[in-house]
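Note sheet for the following structure.
The values are calculated or read from the model by the stated rules, or taken from the named source; none is laboratory data. Keep in mind that this is a model prediction, so the values were computed, not measured. All Cβ positions, even for glycine, are placed from backbone atoms using ideal geometry, and neighbour counts span all protein chains on display. Note: accessible area is taken over every heavy atom of the protein model, side chains too, but ligands, DNA and RNA are not part of it. Shrake-Rupley method; radii C 1.70, N 1.55, O 1.52, S 1.80 Å.
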Amino acid sequence: MFYKSQLKYKSKTKKKNYFNRLVEAGNWGDLIFERLTQFFALLVFLLVILIGYEMYSGSRLSIQKFGWQFLVTSTWDPVKEIFGALPAIYGTLVSSFLALMISLPLGLGVAIFLSELSPGWLEKPLSFLTELLAGIPSVVYGLWGIFVLVPWLRISVEPFLNKHFGYLPFFRGAPYGFGMLAAALILAIMILPIISSISRDILRSVPDSQREAAFALGATRWEVIKIVLADSRSGILGATMLALGRAIGETMAVTMVIGNRALISPSLFDPGYTMASIIANEFTEASSDLYLSALIELALVLFVITIIINMAARLMVWRMDRKWETVK
Amino acid sequence: MHNTINTINTINTIQPELTSKVIKEKVKKNIVVDVKNLAAYFGKTKVLKEINLPVPRNKILAIIGPSGCGKSTFLRCINRMHEVVGGTMTGEILFDGKHIMKYDPVQLRRKIGMVFQKPNPFPTMSIFNNVVAGLRLNGVRNKKKLSVIVEQSLKQVALWDEVKDSLQDSGINISGGQQQRLCIARAIAVQPEVILMDEPASALDPISTAKIEELLYELKKNYTIVIVTHNMQQAARVSDLTAFLYMGELIEFDKTSKIFTNPALKQTEDYISGRFG
Amino acid sequence: MEFNLLRRKVNNYVILSLTFIAAAITVLPLLFIFYYTISKGITYLSLDFFINMPKPVGEVGGGMANAIVGTLILIGIGSAIGLPVGIMTGIYLADFGRNKLGKVVGFLTDVLSGIPSIVVGVVAYTLVVIPMRHFSAFAGGIALAILMIPTITRTTEEMIKLVPDSFREAGLALGIPKWKTSVNIVLRSAWKGIATGILLGLARVAGETAPLLFTALGNRFWSTKIFQPIASLTVYIYDYAKSPFSEWNQQAWTASLVLIILISLISLLFKFLTRSKYKSR
Ligand SMILES: Nc1ncnc2c1ncn2[C@@H]1O[C@H](COP(=O)(O)OP(=O)(O)O)[C@@H](O)[C@H]1O
Ligand SMILES: [Mg+2]
């Protein structure tokens, strides 16, 4: 690492000298090449600014009309043109957190299995399979959700939960199949590969010397893994947040199974709505400027939330990457 | 090769009056780790060939030999770390008279500590928790007891004065030499009988190395130490006995003074005088 | 002590078995999804599906020729815009990016990759559809381009950085201008890696639905016009999945199968490229 940074430093000074030399020599090719690539880099820069600006200006009407009320009121009524995003925010957060609660232990289990336990011949196909999961389009998950998952929930799972755990508010009401539970489950399946593959990489980045130290102290394999997990906790937290960001922004699969009603209900059997699914469902139907503006404001909220989560996540994974440089 | 002869020689040199059964028993008791006909493999590759080597109690045994000759593998067979990386072994290693395969590996490793080439403290644990990591695994929870052991162990490795005010700091914010002493403290905190050290000073500066060497002398009173070293002078300075390994074979095993002044074999002499390796 | 050890060992085995079970549970939904997509999708999978147009409600049969072509056109437009931007930005970040602009753009690339695809759809709507006053393949392509840029930028950057400095120095020492060295030597030795990045970006974008819903919209008829609404496999799957006609539901499965095959082909190509890269080193 030290060697690498030295190299960087060297080439930086070299670049400057070289630049001066080429201008003196009248070699403009390099300058044009640099400016050309710089132009595209600037384009990306402008693009992100533009995205932010477009969403802000698009939602100005709604922001002026509703202010902060937009985020905390729960009436979503396109006919009367009253828009409160609370049910959508609630649905987004609840479905995402539920999904996380399901897939975090599973994903960590898979990551531990892949990096610490699995015999070599099993590891590759298993990694490949979990990565395949990540490659399936969201709309196909949704299709599967509608025709396989939802009927299964309606006929078997929800009646079962209702019968045995009906005293809890989460499992009350009619088993529709379509609803929060279906959305959470399908999201859980979708974010599993993110959690498992990033966590696996992070566990692997813990040097073997840590494992040896623990083994040599007389730790059982699980105790060794606990130490490796402790070493990786910030990275795993980062992976979890990346997955959360993905779940919050996920649209198609959720839209197809959540039931799409702006409702805040403790029961997981009830239909709900998420910010992304409102946009997907209603955007082409938006009949007035205010309606459209409210939908764009939803996109803005989604944008801001996911950016914050993603940045925090990247920071953590990045910190994890550097950590072993300080261990001598 | 000459292993068996050497072994008998050594026992004779340590206890020359060895004749009666009673004394033989006594000697046996004095042998903490008795390696008999040990062969070790990585897959089908044989990296240790029929090693016979008794390790007497409260002595320092140095293992020397060119890199790749199997020194680390030998150490890792003793505490069954060899099997952790997928290696296999045949032959016998007796620890306190019992075959190591009859121990639970977890328990065996508690009694045979290990220190590695690169210091490897646990970065998420404080210095305090690093020292007691092994004890905690064994279910010791008593705060007072833990504190006493931390102080004892850190004093034994001469680190106490340097870190006593920062016990709650992370174990990686200290120098490399301090980290290595911390790792030694961690190993002795569980009061093992034997400590295996795999080139413990090779990643350290000369001053830290000197400190570790001093420490070995102190530790000898309570522990048996098997130390792998690349450094001939170090072996000569710190050890009582020296074993010379070459290409997986034990070439010569004797008192350190004998090996370094008057080795029985030409090969050993060549290696020590730096003619190869 | 003995009891403690026993407890630890039991703990050990219980938890290790749990991780194995977790691995098994993870694979399960994948197998389920594949099983259903293949077994249900295969019923309609025939040449007809690729060369025929969709039939009106009530009529049996028909294909999705327009949607397959539409998806390819959308990917084409997306690539035409996204690839140059992504690759050039990647080159900039790798070769000249150690300044403030480089750091900011690197950061924004990460921001971009975290934006939900539906949000990108909204932006493409306000940027393209509103000014042009109608939905179009072009608007959809813009959305896809925005979505593929971060993947392509980052892989290009990383692949170029992997090229040993000695290659560059060799070129410079021969008196070749830096830009020619970059193009002829560095890019040439990194192109396989960059190609894999492109494929990765395409695979990601081929399965997108949300950003197309209100940009490319969809089209029941044959259209290859860039400034008209255009059909896509994913939007068809969405519409047909929601529809009450079981005939259409069936076709949604078939379209899914075709889509997954398309994406798998892209990933296979990706695997192939990465493998041969290892071999050549
Ligand atoms: N994990 C491993 N897998 C396969 N072979 C190994 C492994 N570790 C070491 N070896 C081989 O075993 C031999 C002995 O290695 P080692 O005991 O580490 O030697 P030393 O410590 O004396 O340098 C070497 O030839 C080495 O290549
Ligand atoms: Mg070694």
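Quick check on this structure: which one of B:I51, B:I64 is hydrophobic (A, V, I, L, M, F, W, C), in contact with a Phe, Trp or Tyr (Cβ under 6 Å, 6 or more places away or on another chain) and more than 14 Å from every other protein chain (Cβ to nearest Cβ)?
B:I64
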Going through (1) open to solvent by less than 40 Å² (accessible area, probe 1.4 Å); (2) at pLDDT 55 or above one by one, A:L46 fails only at (1)
Filtering region B:65-80 down to residues that are over 11 Å from the mean Cα position of the chain (by Cα), open to solvent by less than 10 Å² (accessible area, probe 1.4 Å) and away from ligand 2 (no atom under 12 Å from the Cβ) yields B:C77
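Looking only at residues that are among the hydrophobic types (A, V, I, L, M, F, W, C), within 13 Å of the chain's Cα centre (by Cα) and more than 14 Å from every other protein chain (Cβ to nearest Cβ) in region B:210-227, which one is nearest to ligand 1 (Cβ to nearest atom)?
Initially, region B:210-227 is screened for residues among the hydrophobic types (A, V, I, L, M, F, W, C), giving B:210, B:212, B:215-216, B:219, B:225-227.
The next check asks that each one be within 13 Å of the chain's Cα centre (by Cα); those that pass are B:216, B:219, B:225-227.
Of the ones still in play, those that are also more than 14 Å from every other protein chain (Cβ to nearest Cβ) are B:216, B:219, B:225, B:227.
Working: B:L216: 19, B:L219: 22, B:I225: 17, B:I227: 12 Å.
Among residues in region B:210-227 that are among the hydrophobic types (A, V, I, L, M, F, W, C), within 13 Å of the chain's Cα centre (by Cα) and more than 14 Å from every other protein chain (Cβ to nearest Cβ), the one nearest to ligand 1 (Cβ to nearest atom) is B:I227.
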Just name the residue that is modelled with the lowest pLDDT out of those in region C:202-231 that are open to solvent by less than 30 Å² (accessible area, probe 1.4 Å) and closer than 17 Å to C:N52 by Cβ.
C:S223
Being surrounded by fewer than 24 Cβ atoms within 10 Å (Cβ to Cβ), part of a loop (DSSP other than H, G, I, E, B) and assigned by TED's automatic domain parsing to the domain that holds A:L295 is the requirement here; does A:R261 meet it?
yes
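Every residue, every condition in (1) of a type in the set (D, E); (2) within 12 Å of chain A (Cβ to nearest Cβ); (3) surrounded by 24 or more Cβ atoms within 10 Å (Cβ to Cβ), yes or no:
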{"position": "B:K118", "(1), (2), (3)": "no, yes, no"}
{"position": "B:N138", "(1), (2), (3)": "no, yes, no"}
{"position": "B:R141", "(1), (2), (3)": "no, no, no"}
{"position": "B:K144", "(1), (2), (3)": "no, no, no"}
{"position": "B:S147", "(1), (2), (3)": "no, no, no"}
{"position": "B:Q152", "(1), (2), (3)": "no, no, no"}
{"position": "B:K164", "(1), (2), (3)": "no, no, no"}
{"position": "B:D169", "(1), (2), (3)": "yes, no, no"}
{"position": "B:G176", "(1), (2), (3)": "no, yes, no"}
Given the condition touching a residue at least 24 places away in the same chain (Cβ under 8 Å), over 15 Å from C:I73 (Cα atoms) and not β-branched (V, I, T), answer yes or no: does some residue in region C:259-269 qualify?
yes
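Being more than 7 Å from every other protein chain (Cβ to nearest Cβ), in contact (Cβ under 8 Å) with a residue 24 or more places away in the chain and either more than 22 Å from C:V186 (Cα to Cα) or part of a helix (DSSP H, G or I) (or both) narrows it down to one residue among C:L83, C:L72; which is it? Lay out the reasoning, then the answer.
Values: C:L72 fails: in contact (Cβ under 8 Å) with a residue 24 or more places away in the chain.
Sole residue among the options that is more than 7 Å from every other protein chain (Cβ to nearest Cβ), in contact (Cβ under 8 Å) with a residue 24 or more places away in the chain and either more than 22 Å from C:V186 (Cα to Cα) or part of a helix (DSSP H, G or I) (or both): C:L83.
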Working only within region A:128-160, note down all residues that are more than 10 Å from every other protein chain (Cβ to nearest Cβ) and either over 28 Å from A:I195 (Cα atoms) or open to solvent by less than 20 Å² (accessible area, probe 1.4 Å) (or both).
A:V150, A:L153, A:R154, A:I155, A:S156, A:E158, A:P159, A:F160
Do you know which residues across region B:231-254 are within 16 Å of ligand 1 (Cβ to nearest atom) and out of contact with any helix residue (DSSP H, G or I) (no Cβ under 9 Å at 6 or more places or on another chain)?
B:M247
Give region A:60-92 a look and list any residue that's polar (S, T, N, Q) and within 19 Å of A:S265 (Cα to Cα), or say none.
A:T73, A:S74, A:T75, A:T92
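Within region C:124-144, can one find any residue that is at the interface with chain A (Cβ under 7 Å from one of its Cβ atoms), open to solvent by less than 10 Å² (accessible area, probe 1.4 Å) and of a type in the set (A, V, I, L, M)? Spell out how you get there, then give the answer.
Initially, region C:124-144 is screened for residues at the interface with chain A (Cβ under 7 Å from one of its Cβ atoms), giving C:126-127.
Add one more test, that the residue is open to solvent by less than 10 Å² (accessible area, probe 1.4 Å), and what stays is none.
No, because not a single residue in region C:124-144 is at the interface with chain A (Cβ under 7 Å from one of its Cβ atoms), open to solvent by less than 10 Å² (accessible area, probe 1.4 Å) and of a type in the set (A, V, I, L, M).
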As an exercise: evaluate B:R110 against (1) in contact with a Gly (Cβ under 6 Å, 6 or more places away or on another chain); (2) open to solvent by less than 10 Å² (accessible area, probe 1.4 Å); (3) touching a residue at least 60 places away in the same chain (Cβ under 8 Å) and give the number of the one condition it does not meet.
(2)
Which residue out of A:A182, A:A174 is of a type outside the set (K, R) and more than 27 Å from the chain's Cα centre (by Cα)?
A:A174
Contacts under 6 angstrom Cβ, first residue in region B:207-227 being closer than 17 Å to B:L241 by Cα and open to solvent by 10 Å² or more (accessible area, probe 1.4 Å), partner assigned to a helix (DSSP H, G or I) and of a type in the set (A, V, I, L, M, F, W, C), 6 or more apart
B:E213/B:V238
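Given the options C:G171, C:G197, name the one that is modelled with pLDDT under 85, under 30 Å from A:T306 (Cα atoms) and among the small types (G, A, S).
Numbers: C:G171 fails: under 30 Å from A:T306 (Cα atoms).
Residue meeting the stated conditions: C:G197.
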Every listed condition ((1) touching a residue at least 12 places away in the same chain (Cβ under 8 Å); (2) more than 9 Å from every other protein chain (Cβ to nearest Cβ); (3) assigned to a helix (DSSP H, G or I)) holds for C:K40 save (2)
Note on B:S202: of the conditions (1) within 14 Å of chain A (Cβ to nearest Cβ); (2) open to solvent by less than 50 Å² (accessible area, probe 1.4 Å); (3) within 16 Å of ligand 2 (Cβ to nearest atom), unmet is (2)
Quick one: what pairs do we get from region B:238-260, first residue free of Cβ contacts under 8 Å to residues at least 60 places away in the same chain and open to solvent by 10 Å² or more (accessible area, probe 1.4 Å), second in a loop (DSSP other than H, G, I, E, B) and more than 13 Å from ligand 1 (Cβ to nearest atom), C-beta under 9 Å, 6+ apart or different chains?
B:S257/B:D240
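Can B:E83 be described as away from ligand 2 (no atom under 16 Å from the Cβ), at pLDDT 85 or above and within 14 Å of another protein chain (Cβ to nearest Cβ)? Walk me through it before giving the result.
Working: away from ligand 2 (no atom under 16 Å from the Cβ): yes; at pLDDT 85 or above: yes; within 14 Å of another protein chain (Cβ to nearest Cβ): yes.
Against the criterion (away from ligand 2 (no atom under 16 Å from the Cβ), at pLDDT 85 or above and within 14 Å of another protein chain (Cβ to nearest Cβ)), B:E83 qualifies.
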Okay, helices (runs of 4 or more DSSP H) sitting entirely in region B:69-164 with 1 or more residues that are more than 16 Å from ligand 1 (Cβ to nearest atom), I get B:105-111, B:127-131, B:133-137, B:143-156, B:160-163
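Filtering region A:264-290 down to residues that are in a loop (DSSP other than H, G, I, E, B) and in contact with a Ser or Thr (Cβ under 7 Å, 6 or more places away or on another chain), which residue is modelled with the lowest pLDDT? Lay out the reasoning, then the answer.
Of the residues in region A:264-290, the ones in a loop (DSSP other than H, G, I, E, B) are A:264-271, A:273-274, A:286-288.
Now drop any that are not in contact with a Ser or Thr (Cβ under 7 Å, 6 or more places away or on another chain), which leaves A:264, A:274.
Values: A:I264: 92, A:T274: 96.
Taking the candidates together, the pick is A:I264.
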Kindly list, by first and then second residue, each pair from a residue in region A:98-116 that is at the interface with another protein chain (Cβ under 9 Å from one of its Cβ atoms) to a residue that is open to solvent by 30 Å² or more (accessible area, probe 1.4 Å) and of a type in the set (F, W, Y), limited to pairs with Cβ atoms under 7 Å and residues at least 6 apart or on different chains.
A:F113/C:F20
Please determine whether any residue of region C:47-56 is more than 7 Å from chain A (Cβ to nearest Cβ), assigned to a helix (DSSP H, G or I) and either within 17 Å of C:V205 (Cβ to Cβ) or open to solvent by less than 50 Å² (accessible area, probe 1.4 Å) (or both).
yes
